[in-house]
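Colleague: Have a look at this one.
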Amino acid sequence: MKRSKTYLVWVLILVACFATWIMLKSARTNKTVGIQPLGSFPQVQIDSIQSAIQTQYGYQVVVLPKRELPENCFVQIKSPRYRADKLLKYLKSIRPDSIDFMLGLTATDISTTKKDKLGRIKQPKSKYEDWGIFGLGYRPGSACVVSSYRLSKPNKTIERLQKVVVHELGHNLGLKHCTSKLNCVMDDAAETIRTVDAGHITLCDKCKNVLD
């Protein structure tokens, strides 16, 4: 009788642990991404990005009404651009409570300041102080922004956008640049579009395990 009670207790503990695991896993996957078009952005590209997010992460995706690019994010240091770091702050400030992650999409060029591991502007400063980029995302955080400006090429734009979006959302989820050499979507673009074109849109097993 005593042994039966002990067995029952262990069964109940295992059931409770499994239920907790299911709840935590559901909480991780039951997220909502809000796509925020900033200025005009082709609907066909928005649709393809929405599909990529749902396929790669299983998240719900909501397309929010278009907003114009905020003027306080505009700079003209080397060329007319919008600062990606300021856009992230803007996206975070307008995020509805029902949205977990804000994804800003723009066809305009965006930039940031590239720094080394010690937080110093990379040299030469004239090159890296206002560096044009594909996208930027908090790691971890609730906002990322992607620009099609440097990704546009016939028969390539949509695929490139999908990869960069999945990459930046990965940063929001806490993923670093992948060093597994397994052609993961979290590979560092290393300042060249060729890396994006050659890479996969999927996470490697190592990065998936980090999220799990």
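Colleague: Specify which of the listed residues (99, 133) is β-branched (Val, Ile, Thr), within 24 Å of residue 79 (Cα to Cα), in contact with a strand residue (DSSP E or B) (Cβ under 9 Å, 6 or more places away or on another chain) and in contact (Cβ under 8 Å) with a residue 40 or more places away in the chain. Steps first, please.
Modeller: Working: 99 fails: within 24 Å of residue 79 (Cα to Cα).
One residue alone meets the criteria, 133.
Colleague: Name, by its number, the condition in (1) in contact with a Pro (Cβ under 9 Å, 6 or more places away or on another chain); (2) crowded, with 22+ Cβ neighbours inside 10 Å; (3) not aromatic (Phe, Trp, Tyr) that does not hold for residue 164.
Modeller: The one condition residue 164 does not meet is (1).
Colleague: From the list 93, 111, pick out the single residue that is in contact with a strand residue (DSSP E or B) (Cβ under 6 Å, 6 or more places away or on another chain) and among the polar types (S, T, N, Q).
Modeller: Sole residue among the options that is in contact with a strand residue (DSSP E or B) (Cβ under 6 Å, 6 or more places away or on another chain) and among the polar types (S, T, N, Q): 111.
Colleague: Out of the residues in the range 115-141 that are of a type in the set (A, V, I, L, M, F, W, C) and under 16 Å from residue 189 (Cα atoms), state the one that is surrounded by the fewest Cβ atoms within 10 Å (Cβ to Cβ). Steps first, please.
Modeller: Just the residues of the range 115-141 that are of a type in the set (A, V, I, L, M, F, W, C), to begin with: 118, 121, 131, 133-134, 136.
Those left that are additionally under 16 Å from residue 189 (Cα atoms): 131, 133-134, 136.
On the way: 131: 17, 133: 20, 134: 24, 136: 22.
If we take residues in the range 115-141 being of a type in the set (A, V, I, L, M, F, W, C) and under 16 Å from residue 189 (Cα atoms), then 131 is surrounded by the fewest Cβ atoms within 10 Å (Cβ to Cβ).
Colleague: Any residue in the range 69-83 that's crowded, with 17+ Cβ neighbours inside 10 Å and modelled with pLDDT of 95 or more: show its pairings with residues that are among the acidic types (Asp, Glu) and in a loop (DSSP other than H, G, I, E, B) at Cβ separation under 6 Å, as long as the two are six or more apart or on different chains.
Modeller: Once the first residue is crowded, with 17+ Cβ neighbours inside 10 Å and modelled with pLDDT of 95 or more and sits in the range 69-83, its partners that are among the acidic types (Asp, Glu) and in a loop (DSSP other than H, G, I, E, B) give 81/109.
The values are calculated or read from the model by the stated rules, or taken from the named source; none is laboratory data. From a predicted model like this one, the values you see are computed outputs, not experimental measurements. Heads up, the Cβs are rebuilt from the backbone with ideal geometry, glycines too, and the neighbour counts pull from every protein chain shown.
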